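> Mind looking over this structure? Questions follow.
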Amino acid sequence: MNVLGIETSCDETSAAVVRGGTEVRSNVVSSQIALHRDHGGVVPELAARAQLTAIIPVVEAALAEAKLELDEIDAIAVTRGPGLAGSLLVGANFAKALAYARSIPLVGVNHLEAHLYANWLVPPESESTQPEFPVLALLVSGGHTELMLMTGHGRYAHLGRTLDDAAGEAFDKGARLLGLGYPGGPAIQQAAIGGRTDAFALPRAWLGESNDFSFSGLKTALLREVEPYRLPDPEPEPQDDAPFRKHRPPRFAETLPVADLAASYQEAIVDVLAVKTARAAEALDIRQVVLAGGVAANRALRERLAGEVDLRAGAMLRVPALMYCTDNAAMVAAAGYFALRRGAQSGWELDVASRLPIGGSDS
Ligand code: KG4
Ligand code: ZN
């Protein structure tokens with residue numbers, strides 16, 4: 001069964017064809033990074049407009065890359081939330097129209113569930129193995145940080161979540177404080193190279209035995225470290241008539257120890273994520289842990305988490321290939337395939353939801 005996946009929840013437009021829920025036949029991602037960079041983050045109105053112009057060429061490219069015609073597509077899976085409403089609407093309405101025109105099944109997919117299903121994807125020319133339930137899942141994206149137990153396809157138990165900022169948000173805000181730009185995760189990872197992870201004693205919110213997380217105190221601690229190096233802002237330049245404000249990064253004295261700060265900050269995030277996840281794996285006697293979401297692309301997290309779950313729980317860590325960590329439609333097609341297999345199907349009333357919990361009756 002060939003499923004066409006469509007993902008437009010934020011600032012990436014993506015379409016993919018996945019066969020049997022695992023075999024990626026194509027995965028085309030058009031990113032809007034350049035569009036938002038000057039603003040220091042995603043501008044929702046700009047994102048929705050760019051989705052609109054990208055959606056048709058991206059779907060056409062995904063079909064061409066898969067060497068398939070539209071009549072060889074058996075079903076369509078589309079992200080229905082959580083995400084930016086304007087962006088989500090573009091993908092959802094396009095998917096509805098296409099499924100209607102072709103008389104094929106349509107299924108709305110939860111974006112967070114799709115991130116988890118990135119672990120079922122097998123890149124072209126790779127060996128196929130599947131995660132085995134029960135699986136402990138750490139989902140770390142720009143908007144979410146969740147620790148979940150997955151006992152079967154579509155079956156989730158929530159163990160913990162962030163009480164404030166998501167892990168990706170912590171990376172993004174930290175990068176902004178350091179003047180490193182957007183998106184922050186890759187920028188901090190890059191800046192941390194050669195830096196000492198123990199140069200600054202930044203706080204870790206362990207929260208006792210709880211499986212919840214908290215990252216807002218860390219961000220405040222970083223702010224305190226950089227403040228002494230901060231140079232006064234120059235006179236504001238007149239903003240051109242663009243309707244959206246440009247972001248002006250902070251300026252620092254050259255002595256700002258960027259590499260040490262980035263390395264210590266990254267380590268503080270990774271430390272808490274890895275140790276708490278490994279502790280939960282140990283307590284639940286779990287053999288298989290999966291990592292998912294944009295922050296799963298972080299090299300330090302991949303390495304540290306693999307080490308901790310092995311050491312504390314004797315468990316194996318499974319991570320998606322890098323290209324399936326950040327937003328993409330292959331993961332949506334995979335989640336959609338397994339949802340269709342258990343009888344899920346959306347009607348024409350399929351609607352988007354900017355907030356959408358995973359695993360609820362509404363997912
Ligand atoms: O899953 P994703 O692409 O979008 C959401 O669903 O939010 O995640 C984006 C997040 C951003 O916060 C970005 O900074 C972070 O993932 N990210 C990373 C890395 N690559 C992306 N964080 C740390 N290290 C990375 N290499
Ligand atoms: Zn995402």
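> Of the residues Glu45, Glu65, Glu60, which is assigned to a helix (DSSP H, G or I), closer than 27 Å to Phe244 by Cβ and among the acidic types (Asp, Glu)?
Just one listed residue meets the conditions, Glu45.
> Mind listing whichever residues of the range 314-329 are in a helix (DSSP H, G or I) and either among the hydroxyl-bearing types (Ser, Thr, Tyr) or in contact (Cβ under 8 Å) with a residue 60 or more places away in the chain (or both)?
The answer is Met323, Tyr324, Ala329.
> Does the range 250-262 contain at least one residue that is of a type in the set (Val, Ile, Thr), within 16 Å of ligand 1 (Cβ to nearest atom) and either within 29 Å of Ser30 (Cα to Cα) or in a loop (DSSP other than H, G, I, E, B) (or both)?
no
> With respect to Gly81, determine if the residue is closer than 18 Å to Leu112 by Cα and within 16 Å of ligand 2 (Cβ to nearest atom).
yes
> Follow-up. Determine, yes or no, whether Glu146 is surrounded by fewer than 23 Cβ atoms within 10 Å (Cβ to Cβ) and either at pLDDT 95 or above or among the acidic types (Asp, Glu) (or both).
Taking the combined requirement at face value, the residue does not satisfy it.
> State whether the residues of the range 296-313 include one that is within 16 Å of ligand 2 (Cβ to nearest atom) and without any contact (Cβ under 8 Å) to a residue 40 or more places away in the chain.
no
> Sticking with this one: Kindly provide the set of residues from the range 80-130 that are under 21 Å from the mean Cα position of the chain (by Cα) and modelled with pLDDT under 95, ordered by number.
Those that are under 21 Å from the mean Cα position of the chain (by Cα) and modelled with pLDDT under 95: Val122, Pro123, Gln130.
> May I ask you to list pairs of residues, at least six apart or on different chains, whose Cβ atoms are under 9 Å apart, with the first in the range 73-87 being on the phi > 0 side of the Ramachandran plot and the second being among the β-branched types (Val, Ile, Thr) and away from ligand 2 (no atom under 13 Å from the Cβ)?
Correct list of pairs: Gly81/Val352; Gly83/Val352.
> Additional query: So for the range 298-317 (the condition being surrounded by fewer than 18 Cβ atoms within 10 Å (Cβ to Cβ), in contact with a helix residue (DSSP H, G or I) (Cβ under 6 Å, 6 or more places away or on another chain) and not aliphatic (A, V, I, L, M)), does at least one residue qualify?
yes
> Please verify whether Phe200 is surrounded by 16 or more Cβ atoms within 10 Å (Cβ to Cβ) and assigned to a loop (DSSP other than H, G, I, E, B), treating the condition exactly as stated.
So Phe200 fits the description; yes.
> I need the full set of residues from the range 53-81 which are closer than 19 Å to Glu349 by Cβ, crowded, with 22+ Cβ neighbours inside 10 Å and of a type outside the set (Val, Ile, Thr), in order please.
Ala77, Arg80, Gly81
> Which fully enclosed strands (runs of 3 or more DSSP E) of the range 82-195 have 1 or more residues being out of contact with any His (no Cβ under 6 Å at 6 or more places or on another chain), farther than 27 Å from Asp212 by Cβ and away from ligand 1 (no atom under 14 Å from the Cβ)?
Qualifying strands (runs of 3 or more DSSP E): 106-110.
> Then there is this: Hey, can you tell me all the residues within the range 59-90 that are of a type outside the set (Val, Ile, Thr) and in contact with a Gly (Cβ under 9 Å, 6 or more places away or on another chain)?
Ala62, Ala75, Ala77, Arg80, Gly81, Pro82, Gly83, Leu88
> Moving on. Specify which of the listed residues (Gly195, Gly174) is more than 13 Å from the chain's Cα centre (by Cα), surrounded by 22 or more Cβ atoms within 10 Å (Cβ to Cβ) and not hydrophobic (A, V, I, L, M, F, W, C).
Of Gly195, Gly174, the one residue that is more than 13 Å from the chain's Cα centre (by Cα), surrounded by 22 or more Cβ atoms within 10 Å (Cβ to Cβ) and not hydrophobic (A, V, I, L, M, F, W, C) is Gly174.
> Oh, and also: Quick check: is even one residue across the range 186-200 of a type in the set (Val, Ile, Thr), closer than 21 Å to Leu116 by Cα and modelled with pLDDT of 95 or more?
no
The values are calculated or read from the model by the stated rules, or taken from the named source; none is laboratory data. What you see is a predicted model; the values in this text were computed from it and never measured. Backbone-built Cβ (ideal geometry, glycine too); neighbour counts: all protein chains shown.
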